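Below: one structure, written as structure tokens.
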Amino acid sequence: MPMPYPDLILHNAAIHTAAGTPSPDADAVAINAGKIAAVGRFADVARLIGPATVVLDCGGRTLIPGIVDAHCHLLAMAARAGQVDCRPAAAPSVPAVVAALRDAIAAAADADDGTHWLRGYGYDDSPLGLGRHITRHDLDAVSTTRPVRVEHRSGHACVLNTVGLVAAGINRSTPTPPGAVIQRAADGEPTGLLLEMSGWLSERIASRKSAELKPLANRLLAYGITAVTDAGPANGIATLHSFTAKTSAADFPLRITMMAGWPQLDEITRLGLRYGQTIPGTRVTIGHAKIMLTASSGNLHPHPARLTAMVSEAHRRGYPVAIHAVERDAIVAAAIALMDAGAIPNIPDRIEHCAECPPDVIDLLAQSGALAVPNPGFLHYDGARYRATVPPELLPQLYPVASLLAAGIPVALGSDAPVVEANPWAGIAAAVSRRTADGTNLGGRPVESVQTALALHTGGARIAVGQRADLAVVAPSPFAAPPERLPDVRSALTIINGEIAWRNGI
Ligand SMILES: [Zn+2]
């Protein structure tokens, strides 16, 4: 039987083959029915052209497997479109934060009935930002009639104004939820600062639903991203519905793996949803069970003994776990819990973030058998803040991708957006250079090559016959560009399942 005519042929491309270096023997690929059907010289591949084959000249740009962001938060990213930017670059002082929020109220005055929550994001209490946390009193200067909520840059803290505290039902006698902090002044009144309470709040505050995912999709596709893992700690049936509705409407062509929030694991398994299952007619797959392990309250939460029981319970339901662990003590506890619980055969558990990894912690991580999912993009975007707030001897141990690899630990890279921008090329740049956005070297071992770092961001995909046609055509060439130019790499053509999802310049 002759080979069917390809749907699409890309030529005049530098092709990143399995070996990692651009191949001199191939400058074209043919794609058919969502798969790569041929890789070779255009002179040969051109013989396959049929009457309906689309042929695109890549203009010498570099063809790579589509990028996978192994850890991000899609709905939070999309929600930011309607929120006020309170990051230090936009609002460098407390009065500037207040002014930005007041401006947003004024701008929306006739479009809004005044009862919706006004939300801001990204304030930074560190010396590089405001130098302190905001309080309810600061935000009462924004509004005394409308609830206001401003998220800390970490996503693990937020501040409500007085109306907001009342709306959420928080007063001086509200008991503190486990693992959380309701900060109180000397007189016992809440200051407005809440740590680790976003899940608690979302159960009590109706949020404006259904953020637009289309602009977000385009932003991700422009980086060459074709698949994301949503690591929402409260992902359940409602989140799944919003993802499947969007993806079937083609608003969001990227593949989504949705982790199952630990608190929602029961409702998810009751519906018969299994780990690894792709929802029919969509590009949404059910991923690991997400467990938050935090140290914000001064103690690990949940307690290590409880953590092991949670891991075992998830495994019993057929779900591997992804444990959120940023601080050294949390990573140690996560690794030990995974060792105590044992793994589901051939399905590694994951440890998310792995920010503080001195050598002894790396040894434990290696013994745990877990997939580590660090976020080297933080070194790029937040490196200056780390230099101001982290003891210098610890800087080389932050997100040490190369040291994890050297210890034999499997690694996948995630952005953790929207905490920082979802640009995977910034993370790759930091992994291979250990440099911040302003060019300062933080020390520590760099990943040996862009090829190696990119492979951690593509899920091991290759450009070879029979592989899934999730591809991006990027420039400047990541393999030739100096590290400081890597964050500027963009896709001119992003293809998912053989279909053009993004096109800009080809
Ligand atoms: Zn996250």
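Here the contact order of the chain, divided by its residue count and restricted to Cα pairs under 8 Å and six or more residues apart, works out to 17 percent. Packing around the peptides 437-443, 293-299, 70-76, 183-189, taken as the average count of other Cβ atoms within 10 Å per residue, puts them in this order, highest first: 70-76, 293-299, 437-443, 183-189. Here the chain is assigned +1 on the Cβ of each Lys and Arg and -1 on the Cβ of each Asp and Glu. Its dipole about the Cα centre then comes out at about 660 debye.
Once the chain from V166 to A81 is taken as fully extended at 0.36 nm per residue, the excess over their C-alpha distance is 28.0 nm. For A38, the residues whose modelled amide H falls within less than 5 Å of its own, excluding neighbours fewer than 5 places apart on the same chain, are A30. Peptides 318-330, 344-356, 387-399 ranked from most to least packed, by the mean per-residue count of other Cβ atoms within 10 Å: 318-330, 344-356, 387-399. Distances between placed amide hydrogens fall under 5 Å for R490 paired with A475, all partners being 5 or more residues away or on another chain.
Gain on full extension, evaluated as 0.36 nm per residue between V55 and A245 minus their Cα-Cα distance, stands at 65.2 nm.
For the stretch 428-479, the equivalent ellipsoid derived from the Cα gyration tensor has semi-axes of 27, 12, 8 Å, listed largest first. Rounded to the nearest Hz, the phi-derived 3J(HN,Hα) couplings of the stretch 324-334 under the Karplus curve 6.51 cos²θ - 1.76 cosθ + 1.60 (θ = phi - 60°) are 6, 8, 9, 7, 3, 5, 5, 5, 4, 5, 5, where x marks glycine and proline. The string of couplings for the stretch 27-38 from the Karplus curve (6.51, -1.76, 1.60, θ = phi - 60°) is 9, 8, 10, 10, 10, 9, 6, x, 10, 6, 9, 7 Hz, one whole number per residue in order, with x for Gly and Pro.
For the chain, the 222 nm mean residue ellipticity estimated from helices alone, with every DSSP H stretch of n ≥ 4 adding -39500 (n - 2.57) and the total spread over all residues, rounds to -8000 deg cm²/dmol. Across all directions, the average flat footprint of the convex hull enclosing the Cα atoms of the chain is 25.0 nm².
Derived scalar couplings between HN and Hα for the stretch 187-204 equal 7, x, 6, x, 7, x, 7, 10, 10, 6, 10, 5, x, 4, 5, 5, 6, 10 Hz in order, rounded to whole Hz, by the Karplus curve 6.51 cos²θ - 1.76 cosθ + 1.60 (θ = phi - 60°), x for Gly and Pro. Extending 7 Å from Cα along the Cβ direction at Q183 and again at A141 yields two label points whose distance is 1.6 nm. Between the amide H of A322 and those of A289, K290, I291, R350, distances stay under 5 Å, these residues lying 5 or more places away or on another chain, with hydrogens modeled in the peptide plane.
Of all DSSP bridge pairs formed entirely within the chain, close to 50 percent run antiparallel.
How much FRET efficiency would the formula 1/(1 + (r/R0)^6) give for S126 and E484, where r is the Cβ-Cβ distance and R0 is 22 Å, rounded to 0.05? The partial results should precede the final answer.
On the way: r = 25 Å, r/R0 = 1.12.
Using R0 = 22 Å, I get an efficiency of 0.35.
Is the C-alpha gyration tensor of the stretch 293-372 telling us rounded, prolate or oblate? Criteria: a/c under 1.5 is rounded; beyond that, a/b larger than b/c is prolate, otherwise oblate. Oblate, since a/c reaches 1.5 and b/c is not below a/b. In a DSSP loop and with at most 15 other Cβ atoms within 10 Å, the trypsin sites (Lys or Arg not before Pro) in the stretch 185-278 are R208, K209, R274. Taken along the Cα-to-beta-carbon direction at a fixed 7 Å, the label points for R306 and T285 span 3.3 nm. Diagonalising the gyration tensor over the Cα atoms of the stretch 75-204 and scaling each eigenvalue by 5 before taking the square root yields semi-axes of 21, 17, 15 Å, largest first. Across the stretch 396-506, the mean sequence separation of Cα contacts (distance under 8 Å, 6 or more residues apart), normalised by length, yields a relative contact order of 22 percent. Rounded to the nearest 20, the Cβ-based charge dipole of the stretch 293-372 about its Cα centre (Lys and Arg +1, Asp and Glu -1) stands at 320 debye.
A short reminder: the numbers here are calculations on the coordinates, not readings from a lab. Keep in mind that this is a model prediction, so the values were computed, not measured. Using ideal geometry, Cβ is built from the backbone for each residue, glycine included, and neighbour counts are taken over all protein chains shown.
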